[in-house]
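Remarks on the structure that follows.
The values are calculated or read from the model by the stated rules, or taken from the named source; none is laboratory data. This one's a predicted model, so the numbers in the text were calculated from it and none came from an experiment. No Cβ is skipped: glycine too gets one built from the backbone with ideal geometry, and neighbour counts run over all protein chains shown. Just the protein is used for accessible areas: all its heavy atoms, side chains included, with ligands, DNA and RNA removed. Shrake-Rupley method; radii C 1.70, N 1.55, O 1.52, S 1.80 Å.
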Amino acid sequence: MKSLTTLAKTLLTLTAVALVSACSSPPVVGVLLPITGSASSYGDSMKNGIDLALEEAEGTLPKGFQVIWGDTASDPATGAAELQSMAAAGARIVVAGTTSDTAHALLPLLEDSDVIAVSPSASDPSLTKESRRFFRVFSSDELEGRRAGRFLYDDQDKTTVLIYAEDTAQARGIEPPFRQVYEQAMGGEIVGRVVIGSDGWEQESSDILAAARPSAVYILGYGESTIDVLRHLRDQGYSGLICASSAFYTNQIVDDHSDLVEGVFFPQPAFDVKTEGDLAQDFVAAYRQHYGVDPDIYAAHAYDAIRVVIWTIDEAKAYTTSEMRKVLAYGMKEFPGVTGIIQFNDYGDVHHNPIMFIIRDGQVLNYERYIDEETAKIRDRIKNLLSN
């Protein structure tokens, strides 16, 4: 009996030591971005945003705070391996999951490695439903697809559309809600669907464009894939409305292909350099001062993601996944972000309704604001004509 009592006391002591050790573990944060590879333009913007946030938080970071950087190389398998390395190094929370495909590769490892992920940009609707350890500060594809459907049919009176879709989780997440709104609810006609990069896709596209003469096209792809479609459409002399997904836009894409992206519409979360509010404008000014360019949505969302992580660590009772998940799921109420108020629902999503943007003369403009400004110019011209 005495030996059992002694064993029980020993186990209790070991448990207490383990708990104290867990509570006193220094906060190690992983940042896993596509620094190289096809998605590197997104990674560059995100790293800038995170670096800026860390610099601003210097002196107020939790004691022992450490960042481990990793490169997915724009490859899901590489990203999964990097996440395991970060977990082995002590990271219990990471900023990771830039693209939806990479995020899907990370999901099984979050439970196995005892890690929480805060994604700055992965948008496939299924991600947050498949893991209780995955949170994101970026809008779900469901909201984006619906907004694009309403914009094309209601706002622009485009009754026929040709879809170009990349074979990615992002495209698969956007297309169903787009079809639901545009085709089923509104009554628009989808005249065809071309898989970007498939054998003979350009000829298939040319045939549909000639036969169906769609009034609009909707491109669901990341940057370079969307540029391939835009180049093809320009070569074909297509003159209808072109709408892309938010995944195509980065500052680098616009700068490198200004002639191809001119006049392209796309929905994205409601952040741009003219976003009102001191927090957003302070971020824009600081970003410009540091990097000499305007921040894009990926820089802004990464900036918010690392700020959410820092705040969560600071608020949690211990640096453990269970305590940090409690803070993210139940303790984060109307957190002020440069991309809008951040508060996670039961799945780990934020609700930021996308708005439409247009590219004019190399500038990415809030379309509603652009229309208001152009309307004001027309009114001024009319007043001048009448006064003369």
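Couple of notes before you dig in:
- Based on every Cα atom in the range 62-111, Rg and the maximum pairwise Cα distance Dmax equal 10.9, 34 Å.
- In this structure the range 36-140 gives 36 Å² per residue of accessible area when probed at 1.4 Å with all protein chains present.
- Amide H contacts under 5 Å for T339: none, restricted to partners 5 or more places along the chain or on a different chain, H placed in the peptide plane at 1.01 Å from N.
- Base-10 log of normalised Debye intensity for the range 98-159 (one unit scatterer per alpha-carbon) at q = 0.20 Å⁻¹: -0.71
- Multiplying each eigenvalue of the alpha-carbon gyration tensor of the chain by 5 and taking the square root yields semi-axes of 43, 24, 18 Å, largest first, rounded to whole angstroms.
- For the range 28-84, Kirkwood radius (reciprocal of mean inverse C-alpha pair distance, Å): 12.1 Å
- Between amide H atoms placed 1.01 Å from N, distances below 5 Å from V29 occur with Q66, V67, I68, all of them 5 or more places distant or on a separate chain.
- Ligands, DNA and RNA are left out, and with a 1.4 angstrom probe the accessible area of the range 286-388 is 54 Å² per residue.
- GNM result for the chain, Cα springs below 10 Å: residue of V67, V29, V118 fluctuating most strongly: V67
- Selected from F335, Q268, L365, residue furthest toward positive end of dipole (the chain; charges at beta carbon): F335
- Peptides 377-385, 184-192 ranked from most to least packed by the mean count of surrounding Cβ atoms within 10 Å: 184-192, 377-385.
- Prolate/oblate/rounded call for the range 302-373, Cα gyration tensor, a/c under 1.5 rounded: prolate
- Compared with the rule-of-thumb size 2.2 N^0.38 Å for a compact globular protein, the range 245-388 has a Cα radius of gyration ratio of 1.33.
- In Hz, Karplus ³J(HN,Hα) per residue of the range 304-319 (6.51, -1.76, 1.60; θ = phi - 60°; x = Gly, Pro): 5, 4, 6, 5, 4, 5, 4, 5, 5, 4, 5, 7, 5, 5, 8, 7
- Coarse-grained scattering of the range 274-313 at q = 0.24, 0.30, 0.35 Å⁻¹, given as base-10 log I(q)/I(0) from a Debye sum over alpha-carbon atoms: -0.83, -1.06, -1.15
- Portion, in percent, of the accessible area of the chain that falls on carbon or sulfur, probe 1.4 Å: 49 percent
- Where only DSSP H runs of four or more residues are counted, the chain gives -15500 deg cm²/dmol as its mean residue ellipticity at 222 nm, each run worth -39500 (n - 2.57).
- Cα centroid of the range 86-143 to Cα centroid of the range 262-291, whole Å: 25 Å
- On the basis of the beta-carbon distance and an R0 of 22 Å, A210 and R231 show a calculated FRET efficiency of 0.75.
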